[in-house]
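The values are calculated or read from the model by the stated rules, or taken from the named source; none is laboratory data. Computed from a prediction, not measured in an experiment: that's the story for all the values here. All Cβ positions, even for glycine, are placed from backbone atoms using ideal geometry, and neighbour counts span all protein chains on display.
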Number of protein chains: 2
Amino acid sequence: MKEKIIEVSIDLFGHNGFTETSIQDIVEELGVTKGTFYYYFKSKEELLMEIHLRYIDELLQNQDEVFIKNTKSEQKLYDIVYMIMKHIEGHGQSARVFFREMQHLNEEHLKDIFKKRDLFRQNLNKVIQEGIDTGEFRQDLNVEIVALAILGAVNWSYHWFDPKGKLDEKAVSTIYIDFMLNGLKAT
Amino acid sequence: MKEKIIEVSIDLFGHNGFTETSIQDIVEELGVTKGTFYYYFKSKEELLMEIHLRYIDELLQNQDEVFIKNTKSEQKLYDIVYMIMKHIEGHGQSARVFFREMQHLNEEHLKDIFKKRDLFRQNLNKVIQEGIDTGEFRQDLNVEIVALAILGAVNWSYHWFDPKGKLDEKAVSTIYIDFMLNGLKAT
């Protein structure tokens, strides 16, 4: 039941917004009582935090797996980009809730989520720095800003990426990575 | 007064969210009556549309100016990236309201805004296509996906860009453009 509550809530929050969705809406959608909801969650905010935690924890775990495979920086970068795209493909509404509804978390929860997001970003910094150190990447890169540009480009996909569209998440990732590695300029 | 209502509302919507902000909150902040609000706007939604229109219309107008100057594609791309960053620098809360609160527009208004956003994106497509045609840019680029990656990277900045930070909007734009033109890879 906990899983079902989360699933239905992601859908309702994604479509109608967190504030616009009441606990009543959630339990009605599931055909259960409010008591059932409160058995699993103290409040709507606690449920939102659970959604946020699952989103970022899964990404961090996947990122760990990328790091364990001892490959070139280029491949690590591809793996990270593809992993985020794959996540957006499979959890489009989660991404919407994650990025758009964050302001509704309480201060303490927000701090926890920011810490985890920062960790994800710093891991990407490390990949870029490593690529610079091994000579795979250019020596004059601004690691932090480039990492933010990469994360921005990929995260932004949740605004437009359509899993039923012409290009799947693999094709989009491949185009992204080619662009990020080689740039626009003719050589 | 209309300008003041818009200014205060952007601030309140940006900080507290559109749904969480009542017309009462807006008029209280300004020390005026609800009558004053309704003299200028039929509803909170109409006010939100005005904020959206101003945001995208200003960007489109600035984009036109970039196109009038007959420069190389590389320079046009820089001008567009810098213009968005400059906009985020000057109107950080507007950007937040523009991207996050769009779902609160009614269907007709949403269609109008999407049309204008599409136009902005297609203009960027044109810049990239033009660069390919003149041989400035690589021949094998996927114009649409690359344009989305660029817009994503730049738009995403509203999440993290701090006008009081170490790097101003010009410095960030310069790093972005270098990354977009030349990529990460050492040559």
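Couple of notes before you dig in:
- Residue that is nearest to the other protein chains (Cβ to nearest Cβ), among those in the range A:131-141 that are assigned to a helix (DSSP H, G or I) and either surrounded by fewer than 16 Cβ atoms within 10 Å (Cβ to Cβ) or of a type in the set (A, V, I, L, M) (or both): A:ILE132
- Across the range B:142-151, a minimum of one residue is classified as surrounded by 23 or more Cβ atoms within 10 Å (Cβ to Cβ), more than 7 Å from chain A (Cβ to nearest Cβ) and touching a residue at least 40 places away in the same chain (Cβ under 8 Å).
- Among residues of the range B:152-168, those that are within 17 Å of B:ARG96 (Cα to Cα) and touching a residue at least 60 places away in the same chain (Cβ under 8 Å), counted: 6
- Matching option when the condition is more than 7 Å from chain A (Cβ to nearest Cβ), touching a residue at least 40 places away in the same chain (Cβ under 8 Å) and either crowded, with 16+ Cβ neighbours inside 10 Å or part of a helix (DSSP H, G or I) (or both), among B:ARG117, B:ARG121: B:ARG117
- Residues that are more than 9 Å from chain A (Cβ to nearest Cβ) and closer than 28 Å to A:LEU167 by Cβ within the range B:152-166 comprise just one, B:TYR158.
- Which numbered condition A:GLU169 fails, given (1) more than 11 Å from every other protein chain (Cβ to nearest Cβ); (2) surrounded by fewer than 16 Cβ atoms within 10 Å (Cβ to Cβ): (2)
- Restricting the range B:82-110 to residues that are part of a helix (DSSP H, G or I) and at the interface with chain A (Cβ under 10 Å from one of its Cβ atoms) leaves a set whose member that is farthest from B:ALA171 (Cα to Cα) is B:HIS104.
- Residue list for the range A:15-36, filter: at pLDDT 90 or above and within 12 Å of A:VAL97 (Cβ to Cβ): A:PHE18, A:THR21
- Helices (runs of 4 or more DSSP H) contained entirely in the range A:22-80, each with at least 3 residues that are polar (S, T, N, Q) and more than 30 Å from A:ASN123 (Cβ to Cβ): none
- Among the residues making up the range A:22-68, those that are surrounded by 15 or more Cβ atoms within 10 Å (Cβ to Cβ) and among the β-branched types (Val, Ile, Thr) are A:ILE23, A:ILE26, A:VAL27, A:VAL32, A:THR36, A:ILE51, A:ILE56, A:VAL66.
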